[in-house]
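The values are calculated or read from the model by the stated rules, or taken from the named source; none is laboratory data. Please read all numbers here as calculations on a predicted model, not as lab measurements. Note that we place each Cβ from the backbone using ideal geometry, even for glycine, and neighbour counts take in every protein chain shown. These accessible areas exclude ligands, DNA and RNA; they are computed on the full protein's heavy atoms, side chains included. Shrake-Rupley method; radii C 1.70, N 1.55, O 1.52, S 1.80 Å.
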Amino acid sequence: MAGNPMKRRKILWSGLGLVALAALVGAGWIMSLPPTPVLAAAPPIPAVEAAATLEALRPPKRARPVVAVIPITATETTDYLMPYGILKRADVAEVMLLATGPGPVRLYPALTVEPQATTATFDARYPEGADYVIVPAMSRDDDPAALAWIRAQRDKGATVIGVCAGALVVAETGLLDGKRATTHWFFLKALRKDHPGVRYVPDRRIVVDGGVATTTGITASMPMALTLIEAIAGREKARAVAREIGLADWDARHNSAAFRFSRPFATTVLGNVMSFWKRERLGLELTPGMDEVSLALAADGWSRTYRSRAVTLAAGPVTTANGVRVLPDETGVDWPEARRLPAVGGRAPALALDETLRGIEDRYGARTRDVVAMQLEYRGRR
């Protein structure tokens, strides 16, 4: 049985400092790691391949397709909200945030949201199934209810899209057996070990094969969503949405060798974890109508420094620009100014991510910024 990706991340990444220290004492593990990978420009995607990807992602059933984003508790923050927010902004599909059961969903590493429907109510409303099912990274990749529902949707003809470590969840359903796929660099080893029938494709942010798509790290949700918009509504619509979210271009190009464990990454995480007395809780105020994708990126980024955690503040639940109801961690906005994060508001998501990384660098240094960017599998926009 495959391991649980979100639990593995919490345990391995949060405990990376202790693991690295033990390895340093016992076998010089840190010194054996490579230096910072060299960032090289990835070559463009051949036109024939790009066209084939779009064709494979055409709506399988409806002219205005139905998209379901399915989580369980502790689903990845950005994996859950980014595809939803970008697709809702485009207004080319019916998009719903689901859960396998009633009640709020606590996202990792930050935010609590209320799903818009359960899988049962979705099935009652759409007995013929979704057109697309987006599967984010989850706290466990073998949740029986989630796996059964994903399989049933694929049987009804839905295209299944595993975002980031959501590929491990899709692999656990058996839908990736014998197919080409990718995933977040941190979980690649687990994917290959637990699912040897999956054929890994390097240097691609998006891989589609036989009605199933997978992506690399968290920020691949942006090009994936734009590619899906292009497949549904055409290139011009996708360009318009890309401008709105702050991207000049997008495609599946990727330099896989640039994302891996390195000596600077390990030593920075070790230093931040060991400096536990410096950890901060940083307040992030929720405001009605804020962009949910920008919110997810800010909360996620500030919660991956190993020095800080984003705490959401509001007098009560807040509804975002595209109808996501977010529950604050603390009711009230009385927070020390020195530990208050910049307001998100309606900032374009790509700009919000860049500003978040700049803020992390200003507060904790360039190496901590790089640690966060590596986890998000983001090395800046072209």
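Which of Val241, Ile86, Ala352 sits farthest toward the positive end of the charge dipole of the chain, with +1 on the Cβ of Lys and Arg and -1 on the Cβ of Asp and Glu?
Result: Ala352.
Would you rank Thr36, Thr331 by solvent-accessible area, highest first, keeping every protein chain in place and using a 1.4 Å probe?
Details: Thr36 75, Thr331 110 Å².
Result, largest first: Thr331, Thr36.
Just to confirm my numbers, what's the Cα centroid distance between the stretch 305-347 and the stretch 143-169 in Å?
31 Å
Taking all protein chains as present, what is the carbon and sulfur share of the accessible area of the chain, in % to the nearest whole number, probe 1.4 Å?
Details: 8220 of 14700 Å².
C and S fraction of accessible area: 56 percent.
Hey, what do the phi angles of the stretch 134-151 turn into as Karplus ³J(HN,Hα) couplings, whole Hz, using 6.51/-1.76/1.60 and θ = phi - 60°, x for Gly and Pro?
Each residue's phi maps through the Karplus curve to give 9, 10, x, 4, 10, 5, 8, 9, 10, 5, x, 5, 5, 5, 5, 5, 4, 4 Hz.
Rolling a 1.4 angstrom probe over the protein chains, ignoring ligands and nucleic acids, what is the accessible area of Thr119 in square angstrom, nearest 10?
Solvent-accessible area, nearest 10 Å²: 20 Å².
At 4 °C and a viscosity of 1.567 mPa s, what translational diffusion coefficient does Stokes-Einstein give for the chain, taking Rh as the Kirkwood radius over Cα pairs? Give it in µm²/s as a whole number.
Values: Rh = 20.9 Å.
Estimated via Stokes-Einstein, D reaches 62 µm²/s.
Not counting ligands, DNA or RNA, and with a 1.4 Å probe, what is Trp185's accessible surface area in Å² rounded to the nearest 10?
Surface accessible to solvent at Trp185 totals approximately 40 Å².
For the stretch 143-217, what is the convex hull volume of its Cα atoms per residue in Å³?
Numbers: hull volume 5.4 nm³, N = 75.
Taking the convex hull of the Cα positions in the stretch 143-217, it is 72 Å³ per residue.
Apply the a/c threshold of 1.5 to the C-alpha gyration tensor of the stretch 165-274 and tell me whether it is rounded, prolate or oblate. Write down the numbers at each step before the final one.
Working: a/c = 2.54, a/b = 1.22, b/c = 2.08.
Taking the square roots of the gyration eigenvalues as a ≥ b ≥ c, the stretch 165-274 is oblate.
Once the stretch 224-295 is represented by equal point scatterers at the alpha-carbon sites, with solvent omitted, what log10 I(q)/I(0) does the Debye formula produce at q = 0.11, 0.13, 0.28 Å⁻¹?
Result of the Debye calculation: -0.59, -0.76, -1.18.
First check a/c for the stretch 310-382, with a ≥ b ≥ c the square roots of the eigenvalues of its C-alpha gyration tensor; if it is under 1.5, answer rounded, and if not, answer prolate when a/b is larger than b/c or oblate otherwise.
Values: a/c = 2.46, a/b = 1.50, b/c = 1.64.
Oblate shape, in that a/c is at least 1.5 and b/c is the bigger or equal ratio.
Using only the Cα atoms of the stretch 35-145, build the gyration tensor, take square roots of its eigenvalues as a ≥ b ≥ c, and label the shape rounded, prolate or oblate: rounded if a/c is under 1.5, else prolate if a/b is larger than b/c, else oblate. Write out the running numbers ahead of the final one.
Details: a/c = 2.25, a/b = 1.23, b/c = 1.83.
It comes out oblate by the Cα gyration axes.
Which whole-number percent gives the relative contact order of the stretch 295-382, counting Cα pairs below 8 Å spaced six or more residues apart?
Working: 82 pairs, mean separation 25.5, N = 88.
29 percent.
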